[in-house]
Amino acid sequence: MSPHGPTFDFSVDLSSHEMLRRTHVMAALGDGWDPEAALRGEEEARALLYSGLDAEQQRIYDELVAAGVLPPGPGDAAA
């Protein structure tokens with residue numbers, strides 16, 4: 001027995017809650033949601049975000065990609 005009282009196993013199964021959450025997310029997105037267009041938009045935004053870097057910024061960006069902190073982009077040598 002522990003000094004704080006008896007011990008017991010405690011677990012909670014959240015799988016039904018997760019399915020309900022996913023159902024609500026998909027309902028909120030609606031029928032017009034296009035995942036391919038959303039992904040293309042994210043890729044375009046990422047390319048714009050990391051475009052036009054000066055030499056020092058590019059060096060730091062390359063180090064972060066090499067270290068696995070940032071994922072490689074389509075134009076990166078490591079991609």
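The values are calculated or read from the model by the stated rules, or taken from the named source; none is laboratory data. Every value quoted in this text rests on a predicted model; they were computed, and no experiment measured them. For accessibility, only protein heavy atoms count, side chains too; no ligands or nucleic acids. Shrake-Rupley method; radii C 1.70, N 1.55, O 1.52, S 1.80 Å.
Per residue, how much accessible area does the chain show when a 1.4 Å probe rolls over the protein heavy atoms, in square angstrom? It would help to have the intermediate numbers written out before the result.
On the way: 6950 Å² over 79 residues.
Per-residue value: 88 Å².
Is it possible to state the helix-based mean residue ellipticity at 222 nm for the chain, with each DSSP H run of 4+ residues giving -39500 (n - 2.57), the sum divided by total residues, to the nearest 500 deg cm²/dmol? What is it?
Numbers: 3 runs with 42 residues, N = 79.
Value at 222 nm, helices only: -17000 deg cm²/dmol.
Angle check, please: helix 15-29 long axis (alpha carbons) against the longest principal axis of the chain (alpha carbons), in degrees 0 to 90, nearest 10.
Taking Cα atoms only, the helix is inclined about 40 degrees.
Once the Cα atoms of helix 35-49 and of the chain are each reduced to a long axis, what angle between those two axes, in degrees from 0 to 90 to the nearest 10, is obtained?
60 degrees
Which label belongs to the value computed from this structure, given these candidates for Cα extents along the principal axes in Å: [x] 31, 23, 17; [y] 63, 44, 17; [z] 40, 29, 21?
[y]
Carbon and sulfur atoms: what percent of the 1.4 Å accessible area of the chain do they account for? Present the calculation step by step, with values, prior to reporting the outcome.
On the way: 4230 of 6950 Å².
Taking all protein chains in place, the chain shows 61 percent carbon and sulfur surface.
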